[in-house]
Each structure stands twice: as structure tokens, then as C-alpha cells.
């Protein structure tokens, strides 16, 4: 049996571990400093979205969407996935041509999931939306899922596939023996493996820096607020073309508002906190688009820490410094939907050294070139 | 120096009084429309029951607190009807929402949190039916508006509040049909020597008992409520006596409250370290005897820090104000602080004995039937929580949504921890405590 160590028990670590274990011939161990899903994996907004993604990750996202539709077959649970659509609203006449150009560019590459709809169709789909909307771009079978439920489904499936998950173990550093065996230094001593995956989220860039690999990320703490339960008025997840907003009504009636508004984070203390000015901004945008929530009461808010790369798409691929080490991090606030496909891609890279999954444009090499150019 | 006092119960009133004496004009924020706190709850304007009828033996103290509030209002920045829903220790800011819904940032150099306490719930099947309320809530209904929660009322709880409410209802002409005291006589007797630390308080308890007996109200010691029955509202209470026999009593109102729990959310957001208190079986914010915490500029006083009752709250409020004055470099009288420390020490002995005599019925909470609606905001049963493999309460919350609703675990938290600890076979402190998030109570969005 080959040995593989996965650093980080978030969704990407769990998904990578699951897919690798299912390939056979691998003894896979996940090393998690706290507990699985502790940071952004367990507390993100749960958007299952192809809509409006960076073209470099649309291919992976399209594969992930098929996997979400089949999630019960993959992990034995649907993760609370509700395929009620994702909509990006045009709030002004200037927004519409931008959305149309975007959908056309996507179609040009052969993908047909993005559709432009007029004002009447928006009002039909979103009866409670403010009348100032002009139209929208929609992906009808995108949707949203329950992050913690998804984490637990991947955890369960991984364990059933033979993955060992160790919680409460901290990784201190990485090394490579002349034989090619990799050594992961932990607070419980060194562990050896043929392959290692760096899925350490906001802390992954620091691990790479420890072996002299330049993969810059900045920590990110996106804020979410949730209202008390309201009567059901909105099924799709709603965003805006011109403003930062992610808006959805959960299956219990609460309204979850996010959109990448940033709180403060502390990587050393592993905590993040809310920034109220930004939070107020998110609440105001939400109330302008859905007047029904203007008088709703906020019962809770939270943040989760993750990593953002300079170009806002993840780093997926083998280390340029340490062969046998594979990176998968820097999902920049939109990695939740990608997790089934990204895990499969990283697992293939680890087991076979190559993959047919469309991750070439996400390779760590792009930062090497950037560094050389600088 | 900008000083903020949160809360206008006995602790807040005495803190503000002492600050004003030192020439400080604090911002004074109170969530309810007027001062006095829940213990000296005032009736709304237009109600005319006199202080003696409302507060009994504490009438003079209640009157003194109300008079002090009235006198101080003009000397401070008084903000009633205002909720403090967040505290940020870094920039030293409080976020408030006023009676008209407007939000504000209130800066502080030093803040004294006198946030008070709430009922400590014990969920039983049927506890969410109309007609069932908290013991403290039932007392407030009586004090504020002269209301009994029903015509045939069952009171379920433990300790002084249970007896006091039984007596107040009886005096008001609505004697309870059933009083269930969870503590057995044995427990109470074993703690009796400690209760002698406060002979007046202990004797008052005995006097209430005797008076209730004269009026024909019987207190069932060692008795616990099992289930509230009724189609649309409470119609009967199923309960178990000290010998284990089950009874069914027809009632139309049930008040349940097993002691009080401090409102510690602001201290939590401030980052004050918490420690598990084995006597109260609660996580409490750590502070020194003057009310100072490890967080610069944050002071705690009264039942919001640890349950001690209104006498302790008044002393602790004064002491925390003295700490603020002292820390600002002004002189304080060492004789005064020393006297307060001595009195607080004596009261703490009595309080410890009370906790031993009237403990939270943790085993009963831990054994609640699976179908019990543990988290009423999110409709999560005890069985739902037991079915998880959550090793601690935050993951119990993530897996089941328990504590994610409007109350944020303020109501179901302690009982939920008992259920989870019993399911895991560990001590209740080993399942940890819920991470606090702002807002501490719901705030209107825009």
C-alpha cells in the first residue's frame, strides 16, 4: 500500500482523501488541527454555483455540478442540496449588456448553463424582489446546500472508504528524504508518505512558504448574517451584477445574507470577527433588493477563515519545489461547489501524476512565472 | 474618561451612583424602559400597587433603588429602552439599538457590565404549550401587571425564588395549586449550617414556608415535573414525588425555573475568559473580587457575572465603580472597599450553601425523554442531539441546529449541555460551551 497524508480536514481535504482511497492501493490519512469543517468548510454560505465563475474554473465547476446532482451516489447524502437556481440581477440598464456579454462569452466556450432572462421572468421567479430590477443572468439548476451537512457526508464517506481522520494534530512542516519519501512534521512526531496533499485552507500558503515555495494568499473572513424565520418568499440564491450580495432563504425560512463582505481575521489565534460597517452594507443591499427583509431581525452573524489568491482562483497542482506534494487551496471564497470535482482531480494527480480534469490553468506554476517576471 | 454602565438593576444603579459621586458622568444604558432590574421590576405607568404589596420585605430596598434611578437620570447620559447587542474590545465600542430602532456606536474607555440574569429552563415534554412560562417570568407578570399566569397554577423549581413566588401569589389571592421543589429535604438539611451565614435570609425562607402551610399550600420536596399535557394549552401536569410515585394534577398554568443563569453574552464577546463553576454548573466569566476582568476596560458586576442575588449585586456594583475610579488613578477609601469585600465574602458563603441546598436538577435534565423539544426555536428534540456523535456543544449546534435560533442557546444551552454530556458519558464541563456570536439578541436589520 502507498501512503498518502492529507493536511487539512476541510471539504477539499476530505474530498481528496475520499477519491484517493476509492482508487485502491492507498492508505490515506487526514491530519486536521482542530476538527473537520472547523473553518470556512463548515460555515460558508453554501452556494452551489456555476453562474458567473472565472473562466479558468468553469470547466471544473461544470463537472462539479454533475457530481452535486449525483451526490447521494457519491457520498450517501445530498448535503442538503436544493437545485433552485442562482440568479445575478441587473439592477440598472447598464448592468444588462454586461451580463449578456458574459453569457455570450461562456457560450462561446461551449457551455450553455448561463441564461439571460427579462424582467418579467425575474419577477415570476422572485415575486418579492424590488421592482427596480431590469433582468438577470440565471443558472436554473444551480442552487445551495448545507455546508456542515456536506462536510459530515464527505467525512462519513471517507471513513467508510478506509480513510483515517486524525483530529487535533498540528502540522509543523514538510520535508523530503533523498529516497523521495515525504515527511510531515507534526506535534505528535514525524509521519511519512509517498504523497502529501496541502489542503490547509488559510494556512496552506504558510506551509508552502516553509519549503520555500511562493504561493501567495491573503486570509479572508467573509461574513454572513442570518435573520429570524420569515414566510417563504424566495427559492433561488440571488446576487447582483453591480453589488456584492449573496442572498438566500434557507429551508427553514431564515434568510442568509453574505456576498464576500469582509470581517477581520486572526490566523494565529485561528479566529475571525465581524466588521459592522461591512455587515451593515450587506444588510442595506439586501433590504434594497428585497424590501420584505428591511424590518426583519438579525439573530446571528458569523465568519469563517479561508485563503484568497491574488487572481481569485485556486491553486491546484503539484508543488514545483517538492515533488510528491500537491496543493489544493486558495479557493478565494467560492470553493464549496468545486469540492467534489477538485478532490477527484487532486486524487488523480496524486495517484497517477496526471488528470483529464480541467485544472491546468489553476496550476501553482502561474505564481512561479509571476515571481520570475517580478 | 468615558465610562459606560450597561444595565440599571441593583448592580448598575449602585455602580452609577458611585461614579457620579466621583464626578464621572457615565453613559447609562438599560434595555427595558425603566430602572430597577427584574428583581425590582416596576409596574408600567398608571398601575398603582404600592411597594409593600409588590416587593414585600424588600420594599424599602426597591424604593431606594427606584429613588436613586430617578435622582441619577439627570446626572448621566441615560439611555433607556436601548439594547447593547455587541461589544468590540479592540476599538472599545458598544453597538446599541434604541427604542426607535436606530443603531449607534458607543465608545468606552471603561465599561461595567451589569447584565443581570434570566430563568434557567428545564425542558420537559409539553413545555412549549401556551400556559407554560418561566418562574421568573411568572413573577415579573405578577410584579409588573398584577397577573397570575392561570387560575390553577403549578410552580416547578428550586430555591428561594420558588418559595417567594408561591408566597407572593398566595398573598395576591391566587395561591398555586401545586408547588414542586426539586431539592429533597436531605439536601436542604445538609446545607443548613451554611445557610446560617445569612440568618435573616434563611429565616425568611422558613417564614415563607410556614406562611404557605398556614394558607394550605403544600410544597412537595424532591418532586419533579415530567410532562405538560393538553391539546392546545396546558391542562395538566404529570409529576413525580420524592418516593417515585407519579401524579397527575389538573392545571392551566405552569411556571418552570431552576434557579437563574447569568446573561454573559457581552462578557463573552469582550473575550473575557470563562471558567466552569461546579456549584452553579455553569460557565462563568472570570473576574477578581472588585469585578475587573482580564480584558482591559471591562468590568463585571451583579447577577450578570455570577448569581448572587440583589444584595450582592448592589455591593458588587459599588465595588466595580470603585475599581473603575481606582484604575483611573483617583483615590478610593480602602476602608470602604474592605468593608464591601467582607460583606461579599459572607454573602458568598451563604450563596454556596444555597446552591448546595437547591442545585440544578442536572440528572433530571440529562434524562429527559427523547421526544422532549429541547431547542424550541429550531424544534430540535433531545433525541436529535443524542443521535449525533458531537463530542462538544458547538458541533452539536452545527449538526442539529440546536441553539441556532432566536435565543442563540440562552434558553436551551444549560439543559442541552447536560443531555449531550450524559450521551457522551462525560462531565458537563467536558462538552464545553457555545461560542458567542453577535448580536446577543435579535436586532432589526435596517
* Other chains near B:434-443: what is the mean number of their Cβ atoms within 10 Å of each residue's Cβ? -> 4
* Asked: Say we join alpha carbon atoms closer than 10 Å with springs in a Gaussian network model of chain B; which of B:414, B:285, B:199 then has the biggest fluctuation?
  -> B:199
* How much FRET efficiency would the formula 1/(1 + (r/R0)^6) give for residue A:312 and residue B:242, where r is the Cβ-Cβ distance and R0 is 41 Å, rounded to 0.05? -> 0.05
* segment A:242-351: relative contact order as a whole-number percent, Cα under 8 Å and 6+ apart -> 17 percent
* To do: Label segment B:362-431 by shape, choosing from rounded, prolate and oblate, from the square roots a ≥ b ≥ c of the eigenvalues of the Cα gyration tensor; if a/c is under 1.5 it is rounded, and otherwise prolate applies when a/b is larger than b/c, oblate when it is not.
  => rounded
* Give the peptides A:130-136, B:130-136 in descending order of average Cβ contacts within 10 Å, highest first. => B:130-136, A:130-136
* Highest GNM mean-square fluctuation, chain A, Cα pairs closer than 10 Å: which of A:339, A:234, A:199? -> A:234
* Structure fact -> Ranked by GNM mean-square fluctuation in chain B (Cα springs under 10 Å), the top entry among B:92, B:190, B:281 is B:190
* Asked: What spacing in nm lies between the two simple spin-label points modelled at residue B:286 and residue B:137, each 7 Å away from Cα in the Cβ direction?
  -> 3.5 nm
* Asked: Going by the alpha-carbon gyration tensor, a ≥ b ≥ c the square roots of its eigenvalues, is segment A:57-157 rounded (a/c under 1.5) or, if a/c is not under 1.5, prolate (a/b greater than b/c) versus oblate?
  -> oblate
* Structure fact -> The rounded separation in angstrom of the Cα centers of segment B:11-56 and segment B:249-296 is 21 Å
* Structure fact -> Mean per-residue count of partner chain Cβ within 10 Å for B:405-415 equals 1
* With a point put 7 Å past each Cα toward its Cβ, work out how far residue B:2 is from residue B:50 in nm, to one decimal. => 4.6 nm
* Asked: In degrees from 0 to 90, rounded to the nearest 10, what is the angle of the helix A:55-69 Cα long axis to the longest principal axis of chain A?
  -> 90 degrees
* Asked: If you average the sequence gap of Cα pairs under 8 Å that are 6 or more apart and divide by the length of chain B, what percent do you get for the contact order?
  -> 18 percent
* Asked: When you take every Cα atom in segment B:121-258, what is the radius of gyration, and what is Dmax, the widest Cα pair distance, in Å?
  -> 14.5, 47
* Structure fact -> For chain B, longest principal axis from Cα atoms; helix B:334-357 axis from its Cα atoms; angle between them, nearest 10 degrees, is 10 degrees
* How large is the helix-only mean residue ellipticity at 222 nm for chain B, computed as the sum of -39500 (n - 2.57) over DSSP H runs with n ≥ 4, divided by its residue count, in deg cm²/dmol to the nearest 500? -> -10500 deg cm²/dmol
* Asked: What FRET efficiency do you get for residue A:141 and residue A:294 if R0 is 30 Å and r is their Cβ-Cβ distance, rounded to the nearest 0.05?
  -> 0.45
* Distance from segment B:312-345 to segment A:300-374 (C-alpha centre basis), Å -> 58 Å
* With axes computed from alpha carbons, what is the tilt in degrees of helix B:160-171 against the longest principal axis of chain B, rounded to the nearest 10 within 0 to 90? -> 80 degrees
* To do: Give the span of the protein assembly as shown's Cα atoms along each principal axis, as three whole-Å numbers ordered largest to smallest.
  => 87, 62, 58
* **Gain upon complete extension [residue A:119, residue A:356; 0.36 nm per residue less C-alpha separation]** => 81.3 nm
* **Residues in segment B:158-191 that a label on residue B:207 would reach, taking backbone N under 20 Å of a point 7 Å out along Cα→Cβ** => B:159-173
* Asked: To the nearest 0.05, how large is the calculated FRET efficiency for residue B:342 and residue A:209 if R₀ is 51 Å and r is the Cβ-Cβ distance?
  -> 0.30
* For segment B:363-411 versus segment B:81-135, the gap between their alpha-carbon centres in whole angstrom -> 22 Å
* **Sequence-separation-based contact order of segment B:121-258, relative, with Cα cut under 8 Å and 6+ spacing, percent** => 37 percent
* To do: Using DSSP, restrict attention to beta bridges with both residues in chain A and report what percent are antiparallel, rounded to the nearest 5.
  => 70 percent
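Here, each number is a calculation from the coordinates, and none is a lab measurement. What you see is a predicted model, and the numbers here were worked out from it, not measured in a lab. Counting neighbours? That spans all protein chains shown, and the Cβs are built from the backbone with ideal geometry, glycine included.
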